[in-house]
1. Just how large is the dipole of segment C:18-241 about the Cα centre, in debye to the nearest 20, putting +1 at every Lys and Arg Cβ and -1 at every Asp and Glu Cβ?
2. Nearest 10 degrees, 0 to 90: what angle lies between the long axis of helix F:89-103 and the longest principal axis of chain F (Cα atoms)?
3. Counting only the backbone N, which residues of segment C:130-167 are under 19 Å from the spot 7 Å out from the Cα of C:A7 toward its beta-carbon?
4. Once label points are set 7 Å from the Cα along Cα→Cβ at both A:T64 and C:N75, what is their separation, rounded to one decimal in nm?
5. Top mean-square fluctuation among E:E29, E:E211, E:E66, Gaussian network model of chain E, C-alpha springs under 10 Å?
6. Just going by the charge dipole of segment D:18-241, with Lys and Arg at +1 and Asp and Glu at -1 on Cβ, which of D:L102, D:M69, D:V195 is farthest out on the positive end?
7. Under the Karplus relation 6.51 cos²θ - 1.76 cosθ + 1.60, θ = phi - 60°, what is the ordered set of whole-Hz ³J(HN,Hα) values for segment B:177-188, x standing for Gly and Pro?
8. Answer rounded, prolate or oblate for chain C, using the Cα gyration tensor with square roots of eigenvalues a ≥ b ≥ c: rounded when a/c is under 1.5, else prolate when a/b is larger than b/c, else oblate.
There are 6 protein chains.
Amino acid sequence: MTDITRADGRSVDQLRPITIERGWSSQAEGSALISFGNTKVLCTASFTNGVPRWLTGKGKGWITAEYAMLPRATNERNDRESVKGKIGGRTHEISRLIGRALRAVVDTKALGENTIVIDCDVLQADGGTRTAAITGAYVALADAIEWGRGKRFIGQKAQVLFDSVAAVSVGIIDGEPMLDLAYVEDVRAETDMNVVVTGRGLFVEVQGTAEGAPFDKRELDALLELGVNGCADLRTHQLAALQPAEGE
Amino acid sequence: MTDITRADGRSVDQLRPITIERGWSSQAEGSALISFGNTKVLCTASFTNGVPRWLTGKGKGWITAEYAMLPRATNERNDRESVKGKIGGRTHEISRLIGRALRAVVDTKALGENTIVIDCDVLQADGGTRTAAITGAYVALADAIEWGRGKRFIGQKAQVLFDSVAAVSVGIIDGEPMLDLAYVEDVRAETDMNVVVTGRGLFVEVQGTAEGAPFDKRELDALLELGVNGCADLRTHQLAALQPAEGE
Amino acid sequence: MTDITRADGRSVDQLRPITIERGWSSQAEGSALISFGNTKVLCTASFTNGVPRWLTGKGKGWITAEYAMLPRATNERNDRESVKGKIGGRTHEISRLIGRALRAVVDTKALGENTIVIDCDVLQADGGTRTAAITGAYVALADAIEWGRGKRFIGQKAQVLFDSVAAVSVGIIDGEPMLDLAYVEDVRAETDMNVVVTGRGLFVEVQGTAEGAPFDKRELDALLELGVNGCADLRTHQLAALQPAEGE
Amino acid sequence: MTDITRADGRSVDQLRPITIERGWSSQAEGSALISFGNTKVLCTASFTNGVPRWLTGKGKGWITAEYAMLPRATNERNDRESVKGKIGGRTHEISRLIGRALRAVVDTKALGENTIVIDCDVLQADGGTRTAAITGAYVALADAIEWGRGKRFIGQKAQVLFDSVAAVSVGIIDGEPMLDLAYVEDVRAETDMNVVVTGRGLFVEVQGTAEGAPFDKRELDALLELGVNGCADLRTHQLAALQPAEGE
Amino acid sequence: MTDITRADGRSVDQLRPITIERGWSSQAEGSALISFGNTKVLCTASFTNGVPRWLTGKGKGWITAEYAMLPRATNERNDRESVKGKIGGRTHEISRLIGRALRAVVDTKALGENTIVIDCDVLQADGGTRTAAITGAYVALADAIEWGRGKRFIGQKAQVLFDSVAAVSVGIIDGEPMLDLAYVEDVRAETDMNVVVTGRGLFVEVQGTAEGAPFDKRELDALLELGVNGCADLRTHQLAALQPAEGE
Amino acid sequence: MTDITRADGRSVDQLRPITIERGWSSQAEGSALISFGNTKVLCTASFTNGVPRWLTGKGKGWITAEYAMLPRATNERNDRESVKGKIGGRTHEISRLIGRALRAVVDTKALGENTIVIDCDVLQADGGTRTAAITGAYVALADAIEWGRGKRFIGQKAQVLFDSVAAVSVGIIDGEPMLDLAYVEDVRAETDMNVVVTGRGLFVEVQGTAEGAPFDKRELDALLELGVNGCADLRTHQLAALQPAEGE
């Protein structure tokens, strides 16, 4: 690591200010309004007893996610996907990523025949929206599971979550690997990577893309190390946000 | 007015707690996060220089609005309209209502060939979302117009807004006219009315619907009076929210 | 009322020539081709035994309506909504209005578990299409109910319709309140209102919109009075059209 | 020809009662409400000066057609294609057929850079809707062309229509070739054929389909003969309907 | 027949080189990659036990077909229908034609409650794609039926196919009737006809269209004769392709 | 590497039989039918002079890709996305991946204001379709670029491709990292990774997903090594396929 300072004063291996407003919604079974700097994502978890028809009778639950962005979350307004009448490739891709990330730490048998839908709506976007979404979604999911346990839809001792999960973006800018890119950094990155890591430090997803020049193994390793450490920091924020629950 | 007390302790002619968080968004040219009790609507105003092709060269601006609800704004999750691939009738109807309400107080010639798109996204819904949207949208619109003036897209002395506008719901429950219905009240109302009123106390829109028994002129008059008074209260909140602007 | 004469020679409180061709369709269970001057709407009522799944077993029937306009009903051709692949906001809004208006006079319990779909297709448009649609739809609905009674889907003594319903537009033009606006009047109206009134003179729906300057209570009252009287006239036409039925 | 009598008393080579109400619409540049028995199709022709972009500057005009059916034109209600959000294959197929049939008798160079859109909306369906549509569309088209000539969009001596065109269905029922099938006949036909023929007796389109058993050359010839004769009869009706125009 | 020679050296009544690669797909229950010269269509038949809900319990099977073209099958790339979000009229029309052609030779009672979906995907297009599709689809269908028999979904002695079916295009170019038009010929044809004929020489479908001048009975007869003979040749290719099956 | 043998007899670090049929299409400017075992993808490259409007005048070209699967490419038939009216998330995701992979080796300035659209249509699917698509698309792209050079749309010395690109899937099955998974292996993989590598051995894209248990750094490194070696083998096949071109 060099001691380069970034536009917002961070060091290369430092996260933006992270806040997690747990229980933001009074409607959803679990929710969190998460901020990675100016990126703000509202994550809600909707619990329903029962599963989609194709899963009925298998004794397993279902977790799925949908990601979307408000039209003016970004610096320039984007047309609504509902108005366009179709969902764009990027939206689809991120929704699928979030769903996979969460399912990686869930024991669907312990969940029982219940469905949890996670909605991640980006209220304001400044880079890293998908990683903020995954990190906040975990908090909303954890609360929805406890809600289901309280309603006795889930067994009292069932260990539905066998690990936690968080995500962060990393990238190479001017040859320098950096953690948690803000939008102005993201657009300049030669390589852009999203890393999804469990609380135990294992990889759930690694998605690295050469936006500019292709990258080599040494650069990949540097990015992975930054990402793993960043996710460990996020894990601390998630634990803190979920803390009060223990006293309930 | 009788001295009936409502479930939340309000009198029949009392608004729910109103908050207007002006400038919530760091991306939009104008914005407000408005709450009518548990109903929370994020209103953003996007200013662009120029008008749609069909309006070019007429020396007039354009104001339009889009309303939408997050899937879990409500007590039960609704499928996303983007996923369904089409916008429902209710959404269309409310978007059109908001647009008309705002245009009623705008001098589009004074606006010049500029476009302002207002997005009203319901983050949490507890009745009265369309009226909260209109009331908050006015604040976002006012700021976007000032932004345009600052950028010299609008003349320094042009009076674009010739009045303010606010809206509130009123309804008859168990024979009693009431102001600003929360969701539990709304579903029980025999007659449901939305009133859009300017700061000068004139009507922009009156939409009354018999959900149960048809209503007579006397009931209609009682509802209108409640609505006009409620909008006057909302006007005070709008002025307070816009206050700091004068010192800028 | 002043003694202003309108472009077509009517007084301000006079309807256009009204004709109701009951039973126009040889296919539908009830039908009426209604004209308000040059506005012509074909209303058909389709009766089916049974209700949508979500209503099954509740002992209640279902009434719904769909409004549409032929592409060349208007002076300039509009693209078909089927070709565009989506229904516009205006169409949605009017379909919902017609459905609400009819349900306001129907006892769905007396209807039993039967569904009636009313289609209102504008063959020619010259202002007031939604009000002609409601007025004609009532006639088609009444016949479809009698058809259902004849087939013994509805009890012989069940009073399904507890009132009649009609609708008319009113508006202020050059400061003057007028009844039943033709298209050339409609586009000039400062305020435009649609009033849906039962045979007993009660309001089902009041929708007033300031297209130009906002309006005050006095103007609103004048419009309502015109509308109520206009609907009483339409009631007479509906009764006359339904007359032969009594002899059947 | 045998002397079989049909359900409605016609002989096998007889058309149903044909009526053509020319100029039904007060909005369109040309129009006709045509009946083939209980089949009723409203045909309107919309004339616009200019052509689609891809045809600009080629000195040629454009004729296109759209066919649709009201939801309750048929004995059982069909969902609207606008509500389903897509146009069915049958609708597409018939729209294309009507367009081709009309273009076969039009000299697009003589038409000049003008566009005529023909809308054929089936108000009531009892078999043969596409053939009634073509036959009525010709009348609407002829009037729209004269309208364009009156407006001087078309040269005073330009011969835009070099022939007339009509269409009729024929089919084999219980081994017997028959003309102009009503719906009850159509569903029983082993072979179903639509024949589009010009006023001079030439074929524009021949579409024969074995709905039951495949057919041989002798049967095909019998059907073609019936169809050609039926179209000659229709030609007489078209001429009669267009007659008054000469006196104008 | 004259002894005109065509661009590719064929005589007017000669097919292009025909190849049928039976069993091309290792996934489908029946398949054929068919070529009519440079036109190449991959036909797969998907067999499923059971029928759509609307056909359940009637003791009959269901055969349907879908036709599509790869975007670069043609000389210029066409946008994908999946990307456009809707299927064009031409695609619909051809899918329906293929389905009808196949059903004309199938005894759906002998098929039993089984469904066969035929997909005809044009990999390369050089005229006559719909006729190649029908001709190849028959081979795929025959194999899928035998597969179903092998799985005992179809009775061992049930005669599901009571005839074979093939199709070919014919047309008039410079006044000369010709068989199996390649694309360069197709665009020049005054009249274009597709003929679908069974192995026994009976017509299933005759679709003739005047692209240029209308045609007379003599021309129609010449085209039909060419088409019937062409289909007889195609029948020979189908038999040859299906030959090895007998030895299995 | 252990000496485990796979179902198809391959060693863990062995590709399936690879074939590349260059120039398969007689219509496209570049094409390749590539097979990775039973996976067969038809890649066509469509060259057009000019760029989309948003890129005009920047002196740069545009490369994009679309991926799709025939409905019966797979063991069970999937509904067509054109019929469903929307493109699924998986399709979108893969189309975007292919486009990024190709753009990573293209100098868009050297390409000049030209557009190349790559269509990758899966004719038969047995795992690894996206990696076969990328590998084949490179061959089609290379030929389309040479076509453009031949037409003088691209400068004679412009080095448009500064490297080659290939892709392969790797995964961990029963704890064992393996190369180029067939479908039966893919569904059993605990971790699934797609690696896109340039001819020089640099990474363009790394997408690893834990389908079962999360994975650690050591496993990730083993997968990357397998993937890089597999891509080097594919590079040899690409060179061989493109060989004849040099003699042209």
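1. 1320
2. Value to nearest ten degrees: 60.
3. Zone members listed by number: C:130-132.
4. That separation, rounded to one decimal, is 4.9 nm.
5. Per the Cα network of chain E with a 10 Å cutoff, E:E211 tops the list.
6. Value computed over the given set: D:L102.
7. Whole-Hz 3J(HN,Hα) from phi for segment B:177-188: x, 9, 9, 6, 6, 7, 4, 4, 7, 4, 5, 9.
8. Note, shape of chain C comes out prolate.
A short reminder: the numbers here are calculations on the coordinates, not readings from a lab. Please read all numbers here as calculations on a predicted model, not as lab measurements. Note that each Cβ is placed from the backbone with ideal geometry, even for glycine, and that neighbours are counted across all protein chains shown.
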